[in-house]
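Participant: What follows is a single structure, and I will ask about it in a moment.
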Amino acid sequence: MRMPFDSAFRISSAYGTRIDPITGVESWHGGVDLVSSDRYVRTVIGGSVLQSRIVTDPADKTSEWGNYVAIAGDDGMLVYYCHLAARAAEAGRRVEAGQVIGLEGATGRATGVHLHFEVRTPGGIQTDPCRYLSIPNAVGYTWVPPKPWEEQASDWAREAVGWAVEKGILKGRGGDDYALGEPVTREELCVMLWRAREVL
């Protein structure tokens, strides 16, 4: 999965049991709340838009989500983007990972502008969304977009790194995260050697 924002974001409320910010009572929180600096919400996976709507009937529990978009991913996972100020995806349409599907907001049952991000298994069971984003499920954690490889590479290695990126040998751990300057695991070294074998 890619990140739901291109810009930095922080976790304002974690997945799991928490003190409800409105009632002050301990309750279950089936997703993670993210606060971003650019507010453009992007789909983390490709798939079909299952729902794109706002429910105002308080008898319907989904009214708490306000404006929301639900996407059925190609891998069978269900991903929910809630409290949107505006939706930019129509039900029944195909979306690709990284596509803007809405604007972070405070619709529904919310105390401030944020994205309630929820991931469910193909059977509809809530699961820790942070695990899929490869970030800690911790209030206050801030994710910062990785720098382009050109800014990560040392001067003496820039030509070699550029060649490896151009050939597809170095792709990083996901997106543009080339993890330059970090120790390379045995698995990562094997993957790079395998890619080199394919292009040389």
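Residue by residue, here is whether (1) closer than 25 Å to residue 13 by Cα; (2) surrounded by 14 or more Cβ atoms within 10 Å (Cβ to Cβ); (3) not charged (D, E, K, R) holds:
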| residue | (1), (2), (3) |
| --- | --- |
| 126 | yes, yes, yes |
| 131 | yes, no, no |
| 140 | yes, no, yes |
| 144 | yes, no, yes |
| 150 | no, no, no |
| 178 | no, yes, yes |
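Participant: With segment 98-180 as the region, which helices (runs of 4 or more DSSP H) entirely inside it contain at least 1 residues that are under 18 Å from the mean Cα position of the chain (by Cα) and not basic (Lys, Arg)? Give the steps one after another, and end with the answer.
Facilitator: Numbers: elements: 129-133, 149-152, 158-166.
It comes to 129-133.
Participant: So, one more: Can you pull out the residues in segment 95-120 that are in contact (Cβ under 8 Å) with a residue 60 or more places away in the chain, among the aliphatic types (A, V, I, L, M), touching a His at 6+ places or on another chain (Cβ under 9 Å) and open to solvent by less than 40 Å² (accessible area, probe 1.4 Å)?
Facilitator: The one that is in contact (Cβ under 8 Å) with a residue 60 or more places away in the chain, among the aliphatic types (A, V, I, L, M), touching a His at 6+ places or on another chain (Cβ under 9 Å) and open to solvent by less than 40 Å² (accessible area, probe 1.4 Å): 115.
Participant: Within segment 21-57, how many residues turn out to be without any contact (Cβ under 8 Å) to a residue 24 or more places away in the chain and farther than 28 Å from residue 139 by Cβ?
Facilitator: Qualifying residue count for the region: 2.
Participant: If a residue counts only when it is open to solvent by less than 10 Å² (accessible area, probe 1.4 Å), which strands (runs of 3 or more DSSP E) contained entirely in segment 1-93 have at least 2 such residues? Please lay out each step first, then the result.
Facilitator: Numbers: elements: 9-13, 16-19, 26-29, 32-36, 40-42, 47-54, 67-73, 78-84.
Result: 9-13, 32-36, 47-54, 67-73, 78-84.
The values are calculated or read from the model by the stated rules, or taken from the named source; none is laboratory data. Computed from a prediction, not measured in an experiment: that's the story for all the values here. Please note: Cβ atoms are built from the backbone with ideal geometry, for glycine as well, and neighbour counts cover all protein chains shown. Calculation scope for accessible area: heavy atoms of the full protein, side chains included, ligands and nucleic acids excluded. Shrake-Rupley method; radii C 1.70, N 1.55, O 1.52, S 1.80 Å.
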